[in-house]
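To start, the structure under review is shown below, and the notes come after it.
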Amino acid sequence: MILSPSRRVRKAYWTAIVVYFSYFWLSLRRRFMGRKWYQSRIVALHIRNAERVKTAILELEGLFIKVGQLLSVMSNFLPEEFQKPLEALQDRLPARPFGEVRRRIEEELGRSPETIFQQIEEIPMATASIGQAHRAVLPDGTEVVVKVQHYGIETIASVDLRILHRLTKIYAWLVDIKGMEYLYSQIRQMIEEEMDFTNEANTMERIRQNLVEEPEVQIPQLFAEYSTRRVMVTRFCTGAKISDLEQLDAWGVDRRALAARLLRVWCRMVFKDGFYHADPHPGNILVSPDGSITLLDFGATANLSPQIRKGITQLIESAIKNDTEGMIEACRTMGFLAEGQDAERMAKKLIGALRNFLQNEIQFEGLDFRNIKVNPFNNSLTDLITEIGFRGIAGTVQMPKDYVLLNRTITLLLGLCNTLDPTYNPLETVRPYAQKYLMQDKGGPLNYVRELLQSTLTSVLALPDEVQKTLKKVRAGEVEIRTPDIEAGAQRLIRVLRQLVLAVLAIGLGFFSLRLWEMGWQDESRWGFWGAGALMLWAIWGRR
C-alpha cells in the first residue's frame, strides 16, 4: 500500500492520464482507419485499461478499493469488460500488519489487546478497504470478532477524497459532462458514514430490533464496552457463506427455500421498516445447518427515504395515466432529475422512449418475468441512449445515494438467488410486499382506485369547460378562426370523447376490481365493480 500522500496523488493521476489518452488516441485514429477497425480494437483496450485500474487500486488501497467495489456492482455504467477485473476487489484483500492493529486498539481502548482479550488471532478473518476483522476471546471465554479500522486511514481517506474530487472535475471538463460533482458528493457521503463504527453499531442494533420477530435471522451481539468509533467487538457466529453451495448441500439445506427466506428478510427491511442492510455480499451472510441466516457487517445501511417512497407511487400512477409531466415530477421528487430546462427536455425524450419500449418492444409470455423477450441490441430505447450518449444522460439523470445503495442491494440479492436456485422466480416472494407497499400510502386499494378515478374524471369533465371558454373568446372576437362550424364540431367531439373515456375507465376499473378479487380483497373489489357499472350506465345514458 502506498502511504505517502504525494505518491498516492502521482499514482492516481498517472493512471487516469494513461487510461484517458489511450481512449483519446484510439478515437483519433478511428477517424482515419474507420469504424470497423475501431470496433476490432476497443474491446482489447477495455480489458487492458480494466487491468490498469485494478492494479492501481490494489497498490493504493484505501478508499479506492471502496470506489472500485461500488463500480463493480454498477457495471451498467461501464463497459462490460471492466466488470470481472473490478469484481475481484470484492474478494479477500491484503491484510495490514498486526502491529498497526495493536496500536489502534491501544489508542482506542487504552490497553493492549493482550490485556483486554484472553486470546486474539494475529491473522485476520477478513480484510476490507477501511478495516479488518480478527477473531478473539473475552476474559469470560466468549468468542468474539474484533473489527479494527486501519491505522492512518483517516489521513489516507482525506487525501483520496481530494484526489477523487479533482479527477471527477477534470474528467467532467474534458468530456463536458454535467452531474459529476453530484456523483462525487454522494460517494463521499457514503464513505464518511461507513468510516464511523459508532454509526454501524447503532444501525446494527436498530435492525436487530426490527427483525426481532424473525426467528430464522440472527444479528451478532454487540459488546459496547469494547467498542468505539474505530474499534467494534461483536459475538463470533458460526456458519457457512451463503455462496458455499457444497456445504449447504452437505447439510441438506433447501436452497430454494433459503433464497425465498433471504428475499423475505430484505423485503421486510425495505418495504416495511424502510431501513435495510445495504451490502448483502456473500461474505456478509452466514447460513447455519438448520437453514437460518446470520447477517454480518452493518457498515453500509440505508433508508428508503420519504422522497423515494412518494416518488415510486407517483411514478406508477403517472405511468398508468400516461402522464409524462407527472412522470417527470416523480423523477424530480426522487432526486433523479437534474436542474434546468435542458434536463427536463432530455427527460421527456427518455420517458417517451421508455414508454414505447415497454408498450411495443417487450414481449411477455404469461406473467412470469423470466419469460420476458426483448432484443437488447436493437430497440428504440437503446438507440436513443446511444444517440444521447453518457454525456447527455449524466447531464439529465442524477443518482441519489439512496438509489445507489438500493441498486447495489438488489443486484447482489438477485445474484445470490440465482446462485442458490437458477429456476427460482424472485417475484414470487417480492410481489406481496410490493403490492402492500404501493397501497399503504393510499389507504388501501379502494382509496387508491377512488383517487385515480377522481383525478382522471376531473381532467375529463373539465375539458368541456375549457372548450367553452375558448369558444366564448372566439365569439368575442378575441381569437380569429377561419374554419366554419367549429363550435358544433367541437361539441360533437367533446361528447364522443367523453363517452369513449367513460367506457375505457369502466373497463379498466372492472379489470382492476377483478384483480383485487383474485388477490382476496373482496370488499374493496365490490366497490370497484359498482363504480364500473355506474360509469358504464353514465356512458350509455350519454349516448341518448
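Readers should treat all values here as calculations from the given coordinates under stated rules, not as data from a laboratory. Everything numeric in this text was worked out from a predicted model, so none of it was measured. Cβ coordinates were reconstructed from backbone atoms using ideal geometry, including for glycine residues, and neighbour counts include every protein chain displayed.
Give me the net charge of Ala240's neighbourhood, meaning all other residues with Cβ under 14 Å from the Cβ of Ala240; Lys, Arg count +1, Asp, Glu -1. Don't skip to the end; give the middle numbers.
Values: positive: Lys241, Arg255; negative: Asp244, Glu246, Asp249, Asp290.
Net of charged neighbours comes to -2.
What does the charge count near Asp273 come to, summing +1 for each Lys or Arg and -1 for each Asp or Glu among other residues with Cβ under 15 Å from its Cβ?
Local charge sum for Asp273: +3.
Looking only at the stretch 210-237, which residues have a backbone nitrogen under 15 Å from a spot 7 Å from the Cα of Asp254 in the C-beta direction?
Those under the cut-off are 216.
Report the gain in length on full extension from Glu225 to Glu106: 0.36 nm times residue separation, minus Cα-Cα distance, nm rounded to one decimal.
Full-extension gain reported as 41.4 nm.
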